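J.: Input: one structure, supplied below.
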Amino acid sequence: MHPDSDDSELIRRLQEGNEEAFRYIYDAFGKRLFYFARSLNLNTEDAQEIVQETFIRLWESRHRADAKQSLSAYVFSIARNLIYNQMKKWAVRQRYLTNVLQGDESVSEIRDSELGSLINQAMEEMPEKRREVFRMSRFEGYLNQRIADELGISKSTVENHLNKALKHMKKRLAQFGYGAGIALCFYFFENF
């Protein structure tokens, strides 16, 4: 790939799955995207993540790239959308954590929130027994032994269900940008 290659040729080669064209685009825009993300007050780690995700999205959507569009505009629009979505997630998470820490939201308001909906959705994906164990532990505050007694299963089976439920819940919520803050909340409630 030569430095004087024009955008339409680069995009055409990218659409064909040409890895050399992809590397060239990465080399041409990677640092610029990083500094763009940093200029919007993202920390180094988040800026690097945005750059990585931008190029993943570029590769995955290479067939939709318009050879008539400026390559720079296309790449930066992907990054801009990712940053915008990330900031929206941070804002929702920040509002939630602020409300929880200040005690301003009741349990019913939290259940009605976006987070509550995501938790309910993740719970619905669990097998019935695991969902019941999780609900009894985290929402009703039962101790593991009481859950075992009421469901007629061993305490170690309850602990196994909770372990798997927590892993599933953290994974699903992380997919929606609730990784660190929610993991912290679950940590505080893991020893019921």
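Read-outs throughout are calculated quantities, based only on the coordinates presented, and are distinct from any laboratory measurement. Computed from a prediction, not measured in an experiment: that's the story for all the values here. For neighbour counting, all protein chains shown are included, and Cβ atoms are generated from backbone atoms with ideal geometry for every residue, glycine included.
J.: Would you please give the FRET efficiency between K164 and W59, computed as 1/(1 + (r/R0)^6) with r the Cβ-Cβ distance and R0 = 30 Å, to the nearest 0.05?
T.: 0.35
J.: Enumerate the lysines that K88 could reach by cross-link, defined here as Cα to Cα under 28 Å, with residues fewer than 8 away along the same chain left out.
T.: Counting by Cα, and skipping residues close in sequence, K88 has these lysines nearby: K31, K167, K170, K171.
J.: Another one. To make sure I understand, if each residue's beta carbon is the centre and we count other beta carbons within 10 Å, what order do V133, V51, V92 fall in, fewest to most?
T.: Ordered by Cβ neighbours within 10 Å, fewest first: V92, V51, V133.
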